[in-house]
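Participant: To start, I am sharing the structure in question, which I have written as structure tokens.
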């Protein structure tokens, strides 16, 4: 996990704003503790900041990274990982490009130089990046976010300028960005939180690039577009073909994410998603003469007080031990006391920049802090439930057809916190966001009511529930 920030203002001399730029970078230290970098354009009107967590090519992946071609200079600040780095590198080598290292950063920069705005169509990965292009008197910035919005990219527009970064606090550290939570902001926190309306934040004027969205900032104007979107298509494979195709896609996706020049482990909860990931990772490690390390979190007296529910019908430990023994991993438990969760809430909220999911946030923060003592990279099965229908509302008919957000079907408790007259139109606001999402769901002609509703449910989960969990993961891990 790395962090980036940027500032463009055609009227300002940003070389005189070094303290502000340094402050923006300091907000990203948690994301990138290993290295820092700063680049200011030749005409002083644009700046890129980077904080790095070193995972691949420690020497050749330093950022911001620049490359000069003819009369144009390209400078990149990038957060993420390309899983098809070597495929793209091979294509670019055939087109005459040369590389000094083996980082995906260098490959991404050259991909932009070659394909410009269409470079994102070639990427298989998770990313948020900005490329500053200096050509004569012209300065433009190209920005993009990955297809599912794993990596964050926030921005604030003002007359003649733009400020952007990986975290909300990064923008707020710039005095040009006011910390104003207006009526819609309060609605976002109290009515929809911990999720957010796609592209919005509770702070007035601070927005986020949507998943699969890219933008160009030039001459004070931001122009946005999408390079990818979900489509509804008929499933034509039989059962056996579906199983084999799914197996291939899963194994390919997991294997591509195991590339690292630093120690890597997996999180193991004993569920299907983390168990499959850990099994594939363990097989790969064994083939290379290594043993996979797996990690789990537990709580003091958990077995004594555990109560099953729809979301977690069984305690994790029994299945964790079965899986770890079966795949031959070296397993580690981090045992937390419930008394430690409440004190960690404030730090977890600061890491997320917003009110979050209570003890889920604080426990993940404490768990990852222990893992980080030994490992830099962890692969988890987070968000598999959104993609593979693992929540009760996918199969419980009563919840499936409930015409609202399935994880928050009542506003009564939320409204009781606010009191009368604090904000009006609460139910209408929630209803509007819900309906907008359902209308964005790709539907196929001739489908049954259940099939159409399932597509709406997947869209609700991808845009809201999964986005919330990704917010948690990329901020706290």
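Participant: Can you tell me which residue within the range 172-204, out of those that are free of Cβ contacts under 8 Å to residues at least 60 places away in the same chain and under 19 Å from the mean Cα position of the chain (by Cα), is nearest to residue 381 (Cα to Cα)?
Facilitator: This residue is 199.
Participant: Can you tell me which residue among 207, 155 is closer than 21 Å to residue 12 by Cα, modelled with pLDDT of 95 or more and surrounded by 15 or more Cβ atoms within 10 Å (Cβ to Cβ)?
Facilitator: From the options 207, 155, the qualifying one is 155.
Participant: A further question on this structure: I need every pair where a residue in the range 351-378 that is under 23 Å from residue 207 (Cβ atoms) has its Cβ under 7 Å from the Cβ of a residue that is assigned to a loop (DSSP other than H, G, I, E, B) and modelled with pLDDT of 95 or more, sequence separation at least 6 or different chains.
Facilitator: 353/167; 354/202
Participant: Looking for something in a strand (DSSP E or B) and modelled with pLDDT of 95 or more - is there at least one such residue anywhere in the range 278-294? If you could, list the steps in order and put the result at the bottom.
Facilitator: Residues of the range 278-294 that are in a strand (DSSP E or B), as a first pass: 293-294.
Right, trim to modelled with pLDDT of 95 or more and you get 293-294.
Scanning the range 278-294, I find at least one residue that is in a strand (DSSP E or B) and modelled with pLDDT of 95 or more, so the answer is yes.
Participant: I've got another one for you. So, in the range 276-285, of the ones that are buried (at least 20 other Cβ atoms within 10 Å of the Cβ) and within 22 Å of the chain's Cα centre (by Cα), which residue ends up farthest from residue 320 (Cα to Cα)?
Facilitator: Top of the filtered list is 281.
Participant: Select from the range 38-55 the residues that are under 24 Å from the mean Cα position of the chain (by Cα) and closer than 21 Å to residue 175 by Cα and list them in ascending order.
Facilitator: Step one: list which residues in the range 38-55 are under 24 Å from the mean Cα position of the chain (by Cα), which gives 38, 47-55.
If the condition is that a residue be under 24 Å from the mean Cα position of the chain (by Cα) and closer than 21 Å to residue 175 by Cα, then 38, 47, 48, 49, 50, 51 are the ones that fit.
Participant: Give the number of residues within the range 165-213 that are part of a loop (DSSP other than H, G, I, E, B) and at negative phi.
Facilitator: Our first condition is that a residue be part of a loop (DSSP other than H, G, I, E, B); within the range 165-213, this holds for 166-167, 173-182, 193-199, 201-205, 209-212.
Filter once more, keeping what is at negative phi: 166-167, 173-182, 193-198, 201-204, 209-211.
Total meeting the criteria: 25.
Participant: Looking at the range 331-358, which of its residues are under 30 Å from residue 279 (Cα atoms) and either in a helix (DSSP H, G or I) or over 24 Å from the mean Cα position of the chain (by Cα) (or both)?
Facilitator: Of the residues in the range 331-358, the ones under 30 Å from residue 279 (Cα atoms) are 331-337, 357.
331, 332, 333, 334, 335, 336, 337 - these are the residues of the range 331-358 that are under 30 Å from residue 279 (Cα atoms) and either in a helix (DSSP H, G or I) or over 24 Å from the mean Cα position of the chain (by Cα) (or both).
Participant: Continuing with this model, one more query. Does residue 455 count as in contact with a helix residue (DSSP H, G or I) (Cβ under 9 Å, 6 or more places away or on another chain), within 21 Å of residue 198 (Cβ to Cβ) and not assigned by TED's automatic domain parsing to the domain that holds residue 246? Talk me through it step by step, then tell me what you get.
Facilitator: On the way: in contact with a helix residue (DSSP H, G or I) (Cβ under 9 Å, 6 or more places away or on another chain): no; within 21 Å of residue 198 (Cβ to Cβ): yes; not assigned by TED's automatic domain parsing to the domain that holds residue 246: yes.
In short, no.
Participant: Out of all the residues in the range 394-404, is one or more touching a helix residue (DSSP H, G or I) at 6+ places or on another chain (Cβ under 6 Å) and surrounded by 19 or more Cβ atoms within 10 Å (Cβ to Cβ)?
Facilitator: There is no residue in the range 394-404 that is touching a helix residue (DSSP H, G or I) at 6+ places or on another chain (Cβ under 6 Å) and surrounded by 19 or more Cβ atoms within 10 Å (Cβ to Cβ).
Participant: Can you name every residue in the range 1-28 that is modelled with pLDDT under 95 and either within 19 Å of the chain's Cα centre (by Cα) or surrounded by fewer than 17 Cβ atoms within 10 Å (Cβ to Cβ) (or both)? Quick ask: steps written out before the conclusion?
Facilitator: Pass one, the range 1-28, residues modelled with pLDDT under 95: 1-2, 10-12.
Residues satisfying the conditions are 1, 2, 10, 11.
Participant: Follow-up question, since we're still on this one. Quick one: would you say residue 111 is assigned to a strand (DSSP E or B), in the same structural domain as residue 171 (by TED's automatic domain parsing) and either buried (at least 19 other Cβ atoms within 10 Å of the Cβ) or touching a helix residue (DSSP H, G or I) at 6+ places or on another chain (Cβ under 7 Å) (or both)?
Facilitator: Details: assigned to a strand (DSSP E or B): no; in the same structural domain as residue 171 (by TED's automatic domain parsing): yes; either buried (at least 19 other Cβ atoms within 10 Å of the Cβ) or touching a helix residue (DSSP H, G or I) at 6+ places or on another chain (Cβ under 7 Å) (or both): yes.
No; evaluated as a whole, the condition is false for this residue.
Participant: Among the residues that make up the range 77-93, is at least one of them over 28 Å from residue 252 (Cβ atoms) and buried (at least 21 other Cβ atoms within 10 Å of the Cβ)? Walk me through it before giving the result.
Facilitator: Start the filter on the range 77-93 by keeping residues that are over 28 Å from residue 252 (Cβ atoms), which leaves 77.
Next, only the ones that are buried (at least 21 other Cβ atoms within 10 Å of the Cβ) stay: 77.
There is at least one residue in the range 77-93 that is over 28 Å from residue 252 (Cβ atoms) and buried (at least 21 other Cβ atoms within 10 Å of the Cβ).
The values are calculated or read from the model by the stated rules, or taken from the named source; none is laboratory data. These figures come from a predicted structure and were not determined experimentally. When we count neighbours, we look across all protein chains shown, and the Cβ atoms used for this are built from the backbone with ideal geometry, even at glycine.
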